[in-house]
Amino acid sequence: MKTASAIMAAVLAGLWLGAYAATGQGVSVAGIDRKVKAFDSKIGGFRKTERYLNGLSTGGSTVTSYSKGRRIDKIRLESFGETGRAIQDFYFWDGTLLFMRHRVIGYEGVTTHSPDGNDGLRESTTTDFRLYFSNDTLLRWTAVAGAAPGGEVRAAALQGFTDSAYSVLALMRQGPERGPCKEGWGCTERSGGRCVKYRCAGP
């Protein structure tokens, strides 16, 4: 069972993209930074829920949410591949995307299995950027590492990232089915490019 195409597009786009800087008016980017830092400083007091998402990457993907009550404030989507892993952290404010950080970490070296646990791989961050939002409108896209896209590629990437954020939010809001989902969750219903309903792929 395949997952939402929006999530796939976001991860694949992030493997190639750096960041585009835009300016926003009326909302303080510094204020968003303060909210994100304040949340992360208290993340230990939030309920942590983790689910496996199948069909997204060769090495599998995990979705982890941090919530209090029915409110989800942060979701991490981590996808593993043969040459690296992609990490997307989404922060929400009253159910609306506020901030996103995307990182692509590449593997260097040869995979080995030694007794001391050293697999011979080194990690390096090839892409690291932060996106700030207000009412689903991009305020700023700041590059820390990676090359900046442009034109239609940039627009498609932005759409993919926002669709990804709301797709995983829909997944984590959905109540668990009978017992743990060992085989991973797959998308069964889409709306406007976003997955709005998931189902466990296994029994």
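When you check Lys37 against the structure, is it surrounded by fewer than 16 Cβ atoms within 10 Å (Cβ to Cβ) and either farther than 24 Å from Thr125 by Cα or hydrophobic (A, V, I, L, M, F, W, C) (or both), yes or no?
Details: surrounded by fewer than 16 Cβ atoms within 10 Å (Cβ to Cβ): yes; either farther than 24 Å from Thr125 by Cα or hydrophobic (A, V, I, L, M, F, W, C) (or both): no.
Here the answer is no, as Lys37 does not meet what is asked.
Those residues that are at positive phi and buried (at least 20 other Cβ atoms within 10 Å of the Cβ), I need them from the range 133-172; list them, please. Walk me through how you get there before you give the answer.
Going through the range 133-172, the residues at positive phi turn out to be 135-136, 146, 151.
Listed by number, the list holds a single entry, Gly146.
State yes or no: is Leu53 over 25 Å from Ala145 (Cβ atoms), buried (at least 21 other Cβ atoms within 10 Å of the Cβ), among the hydrophobic types (A, V, I, L, M, F, W, C) and in contact with a helix residue (DSSP H, G or I) (Cβ under 9 Å, 6 or more places away or on another chain)? Please lay out each step first, then the result.
Numbers: over 25 Å from Ala145 (Cβ atoms): yes; buried (at least 21 other Cβ atoms within 10 Å of the Cβ): yes; among the hydrophobic types (A, V, I, L, M, F, W, C): yes; in contact with a helix residue (DSSP H, G or I) (Cβ under 9 Å, 6 or more places away or on another chain): yes.
Here the answer is yes, as Leu53 does meet what is asked.
Read-outs: derived from the displayed coordinates by stated rules, not from any lab. Quick caveat: nothing in here was measured; it's all calculated off a predicted structure. Counting neighbours? That spans all protein chains shown, and the Cβs are built from the backbone with ideal geometry, glycine included.
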